Structures are given as C-alpha cells and as structure tokens.
Amino acid sequence: MTKSTGITWAAASARRLERQFLARRARTGTPVADVAAAMLGVHAQVLSAAELSVGLRADGVTRTDVRDALWPTAPLAPPAPALVKTHGPRGTVHLLPARDLPMWCAALPAIPAGPAAFPTDVRLTGEQAGQVVAAIADALDGTFLTVDELGEEVVARTGPWAGDLVMPAFQTMWPRWRQVLHRAGQCGALSFGPNRGRRVTYTRPPRFTPLPPEEASRLLARRYLYAYGPATPQHFARWLAAPPGWAKARYAELAAAGEIEEVRFEGAPAWVAAGDTAFPDAPERDELLRGVRLLPYFDAYVVAAQPRELLFPGAAYRRALAGGQAGNFPVLLVDGVAAGVWHQRRRGRRTTVTVEPLARLTARQERELADCVERVGAVLEAAAELVIGEVTVGAHA
C-alpha cells in the first residue's frame, strides 16, 4: 500500500474489490452480517441474487445461512436476527445488518423527497403518513402479516381514508396507505418476514434507538467513501437516489469538520474518508484486480462503484447496462471491469449458468469461470453446469 492523492481507476478498483470481499473471500465463519455491512446493504428485490451477493463473498456460506440470519429458528425462543430485509437505499428492498438500523433508519428518512408521485387527491398528508407508519409499527409488533392483513389493521387504527383504492398499480388499484410502505421500512416500522406459501409477510424489526439524523447522514457518507471511494457528491447522490444539492451539502459539512479529504481521482477532484489515502501499489494492485468474478442482479459493487463508464468500458456499457442503469443484468467481471453478462436457470436441484463473454477468454480464465460457476451452485445448494454462449434473457425490471 502506498499513500497517494493522485489515484488511478485501477488502484481504486483494487481497493474496492478487497474491501468488498471480491478480491479475497471472507474466511469461513465470518458472520454474514459483516459481509452485508461491508457492502453497505445487499440489494434483495430478488432474494436468490442477494444470497449470491453474500455467498460469493464468503467461504462456506450458502443461501440457508443467509435465510437463517434473516429469520432464525429455535425450539423455544429464537435469537434476534442478524440481518433485516427491508426498504433501504433508493427505497428498494435490501438486506441490512440489524446492528446498523440506528444509522439507516435515521439517515434514509432525512433525505429530501423528490417530486410527488401522485396527484393531491391521492397523496397522504404529512400527518396522515405519520399515522400510517405508526399504525404499521403497532400492527406488526410480534407478528407476521400479509399485505392484505396489514391493510385491515392499518385502516382499523387510522380510518377508512387509508383504505381508499386510489393508487394505480399493475392494472389494479391499491389502497392509499400503501404509498408509504417503503417509508415504514426506512423508518424501522416494518421489515419482511418469511413467505407464507407464495405470499409475502411483514413483521417489525428488532427495537432500536435511531441516531440523530444529521449524525446518521454523516456516518453513512463516511462509510460510503470507505467502501466505494474515491467518490464525488454526485456519486453519493446517485447511489442513494438523493438530490445532488443535499449530497453536496453533506460533503461540505464533512470537509469542514475534517472528516473527509479531497484527492485527485483520474485527474478530477473526488473525496475519501480523512486519512484513508492508502491505495495498493502496482504489484498488489494487479494481484487484487486479476481474475474472473460473477456478480448477480443488482450487486452492490456494480451499483455503487463509480465512474460507471470505467467499470463498464466499451461494449460492456451497451450490453451490461440497461439505459445506463447498473444491476439489471448479472455481470461477468474480468480483471476488475465488466466483460460480459450471465444468467442462471434453476430446475430442481440443478442450475444451468450461461455466461456471455464480450471477448474471448483465455484457458486460465475459463478455468476460473468454471470455479465461479461451481461456487454459484454451492451457494444456491444446487449442482451447477456452465454454458458459454449468448444470454437471451433481457434486463430485469
């Protein structure tokens, strides 16, 4: 490691891969919550992808380990969950370490909301939204409810207005209260429980005391820079789907307090956490970057690492992104940059992993790819078969 204020893309990528457990997997026995914390949350809109995101970073971890961390079971009193499935960055479903909820559930509600998504006669007032969130927390305390059951409890605790079918959604209409479902998750009033058959359930996460919002926001910014820096306020805003002006103000506060410092990243100004200016030198950098890796849908690394045009160079920008948005395709990384896409199709105890490289792989890289596919199978508790060819499945919505 060498200290530098003039940082290259390769050096930044090598450090990010190491801190993300992508250069070297976490050792056997590392708690899955530690892996999720290093990633700053695991995108979990597709649970199997979240299981892969964690399992591909930690030796010996399978999907069962991830689910046990979410919903532990015991004959009498189960322990508190180590992971919580709830609404995280960008309002999307994430797996978050339970120990980090005091930060997340103070920082996320403090982000200014964007333009209203619904007309005035559909929207909840600020007071109504607060009533609904409180009703959700009360209804879910110590139980698991489907969305319909939860809706009945919310209406009973607030009033008929909460159940008005006014929200257009998937060729039907949803009740008014559901427009703050993600807010309830971000506030710590709601998390996902285990499915009841094919039906999603919700519960209340373990009790905690949120940090003061400003403290939480600054802590989140510093942790983002540790995991994915160097980065600009615009990068931070994009990752959170936050207003750029808000992110710029957080950086200014941190800089004034001496908590972050400016560096040159690929010749342009960017920021790192104060004192965190050591980056791998050439031999170590090349070792950390070298190799083939498979990252699933919406993996935290491809969503958060910026600038995106350097992570997805050339043909990868057109093939592995969806209109410039990362995560909609599972990604093949070769030597630290996107170099293809892949897809897995499971049938019973077997899964077929089709990988579409954008350039010819060497014999060594094909062997490494076979090892990656074997690891995908191990995480998903299935026998995996590798097929190198065209991926015909389109981008995930």
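On C-alpha positions alone, give me the angle between the axis of helix 363-380 and the longest principal axis of the chain, in degrees, nearest 10.
On a 0 to 90 degree scale, this one is about 20.
Can you give the % of DSSP beta bridges in the chain that are antiparallel, to the nearest 5?
Beta bridges within the chain, antiparallel portion: roughly 80 percent.
Between beta-carbons, use under 13 Å as the cut-off and find the net charge around residue 82, counting Lys and Arg +1, Asp and Glu -1.
-1
Once you list every other residue whose beta carbon is under 15 Å from the beta carbon of residue 245, what net charge do they have if Lys and Arg are +1 and Asp and Glu are -1? Don't skip to the answer; put the middle values down first.
Details: positive: 238, 248, 250; negative: 253.
Every neighbour counted, the sum reads +2.
So who's got an amide H within less than 5 Å of the one on residue 26, skipping anything under 5 residues away but keeping other chains? H placed 1.01 Å off N, in plane.
Those qualifying (amide H under 5 Å, at least 5 residues apart or on another chain) are 58, 59.
Find out how many positive minus negative residues lie around residue 155, taking Lys and Arg as positive, Asp and Glu as negative, among other residues whose Cβ is under 12 Å from that of residue 155.
-2
Return the tail of the calculated pair distribution for segment 255-365, meaning the percent of Cα-Cα pairs more than 22 Å apart. Write out the running numbers ahead of the final one.
Numbers: 2818 of 6105 pairs.
Pairs farther apart than 22 Å: 46 percent.
Gaussian network model of the chain, Cα springs within a sub-10 Å range: biggest mean-square fluctuation belongs to which of 55, 323, 163?
Comparing 55, 323, 163 in a Gaussian network model of the chain, the most mobile one is 323.
When the Debye formula is applied to the Cα atoms of the chain, each taken as the same point scatterer, what base-10 log of I(q)/I(0) results at q = 0.07, 0.09, 0.14 Å⁻¹?
-0.34, -0.57, -1.33
Using the Karplus curve 6.51 cos²θ - 1.76 cosθ + 1.60 with θ = phi - 60°, work out ³J(HN,Hα) for each residue of segment 24-30 in order, rounded to whole Hz, and write x for Gly and Pro.
Result, rounded to whole Hz: 9, 5, 4, 5, 3, x, 5.
By how many degrees, 0 to 90 and rounded to 10, does the Cα axis of helix 9-19 deviate from the longest principal axis of the chain?
The answer is roughly 60 degrees.
Rounded, prolate or oblate: which one fits segment 1-154, using the alpha carbon gyration tensor with axes a ≥ b ≥ c (rounded when a/c is under 1.5, else prolate when a/b beats b/c, else oblate)?
The shape class here is oblate.
Can you list the HN-Hα couplings for segment 95-112, worked out from phi with the Karplus curve (6.51, -1.76, 1.60; θ = phi - 60°), rounded to whole Hz and with x for Gly and Pro?
9, 10, x, 4, 5, 8, 4, x, 6, 4, 7, 9, 6, 5, x, 7, 6, x
All of the numbers you see were taken from the coordinates with simple rules; none came from a lab. Keep in mind the model is a prediction, meaning the values are calculated, not measured. Reconstructed Cβ throughout: ideal geometry from the backbone, glycine too, with neighbour counts over all protein chains shown.
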